[in-house]
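To keep things clear, I will list the structure first and then write my remarks on it.
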């Protein structure tokens, strides 16, 4: 229902969350090793897309943003939300719409003489600041009360959009393995036709093999083969085990295959100069011209709307009746936490 008092939704959500916060931690610690299986599953479900999107973002921004930044932001925001958030079933991370938005921001900044690549991160920082302010105002004015106007069909459609974007990038990634990367010396042995073709075939084998075995391992409990305890272990830990297995297989190829086949993700180390400069972007915030600081409000409105809808609808889908959740929802409070995370 509409709430006209400022922060009324946040206060109600906080009280509801406070009443069960201690019990949540107690239940988690008392579950013992049983908590390890969902922890590993969520870790890989969160980390693998972030690594893939980090590689895409590195290509789209000419290496200005890499997997280091996507992993760091996902880790920091994930810890904040898991400790302070109101809906613990949510996974906070990087999604394809975010990558698209950062790509547009980079292409715009690169073509502006007063910004350029040097001030891209600082200008993107202002976009994030304005986004945080807008999300804070949404929490203040109880904007999440409008969620009751969204049906489950709308939420499922949005989920389908994210799924299609994931699949699109996966297919594009597999196809790109059959071509020579931009800016590479095509005269190198690993970029000869036969090795590029083998690289693409290996990419398909490893990706489809991982997908198939991971899905099969999830249904191991209903299998007719193996002891019961073994089926349970495979069902609980199958996905991370398959990731490790197929990664190990990629390193067990014949020695006659040249180094670089299959291709592997390259990312700078966090302590390298190229990565270290990203931690000092705050010093350059006021080097951005005032006109561009104000202009950052425009993309910030789109990002804030995207984050609000994405976060709220995902939370609403996690609160469906079939999950039999006992704890209250926290839509308003989660938007407030999200504003500080941005």
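Nothing in this text is a laboratory measurement; each read-out follows from the coordinates by a stated rule. As the structure is a prediction and not an experimental result, all values here were calculated from the model. FYI the Cβ positions are ideal-geometry reconstructions off the backbone, even for glycines, and counts take in every protein chain you see.
In the list (i) 163; (ii) 139; (iii) 176, the label attached to volume of the Cα convex hull per residue in Å³ as derived from the coordinates here is (iii).
Can you give the relative contact order of the range 164-296 as a percent, counting alpha carbon pairs under 8 Å and 6+ residues apart?
RCO, the range 164-296: 21 percent.
When the alpha-carbon atoms of the range 68-122 are used, the pair Rg, Dmax equals 14.8, 44 angstrom. Note on 26, 332: ascending count of other Cβ atoms within 10 Å places them as 26, 332, the fewest first.
Mean separation of Cα pairs under 8 Å and 6+ residues apart, divided by the residue count of the range 198-248: what relative contact order is that in percent? Spell out each step's value before the answer.
Working: 29 pairs, mean separation 20.6, N = 51.
For the range 198-248, the relative contact order is 40 percent.
In plain terms, the bigger the Kirkwood radius, the slower the diffusion; for the range 125-207, with that radius from Cα pairs, at 10 °C and 1.306 mPa s, Stokes-Einstein puts D at 92 µm²/s.
Run the numbers on the chain and let me know its relative contact order in percent, using alpha-carbon pairs under 8 Å that are six or more apart.
Dividing the mean separation by the residue count of the chain yields 34 percent.
Between residue 212 and residue 35, the FRET efficiency estimated from the beta carbon spacing at R0 = 25 angstrom works out to 0.35.
Over all directions, what mean area does the Cα convex hull of the range 153-274 project, stated in square nanometres? Don't skip to the answer; put the middle values down first.
Working: hull surface 49.6 nm².
Orientation-averaged projected area of the Cα hull: 12.4 nm².
Which value at 222 nm does the chain reach when only helices count, each DSSP H run of 4 or more adding -39,500 (n - 2.57), with the total divided by all residues and rounded to the nearest 500 deg cm²/dmol? After summing the helix terms and dividing by residue count, I get -21500 deg cm²/dmol.
Please arrange 8, 172, 326 by how many other C-beta atoms lie within 10 Å of their C-beta, fewest to most.
Numbers: 8 16, 172 10, 326 7.
By the 10 Å Cβ count, ascending, the order reads 326, 172, 8.
Potential lengthening of the chain between residue 11 and residue 118 amounts to 34.3 nm, from the contour at 0.36 nm per residue minus the alpha-carbon distance.
By the beta-carbon count within 10 Å of each Cβ, the least crowded to most crowded order of 284, 96, fewest first, is 284, 96.
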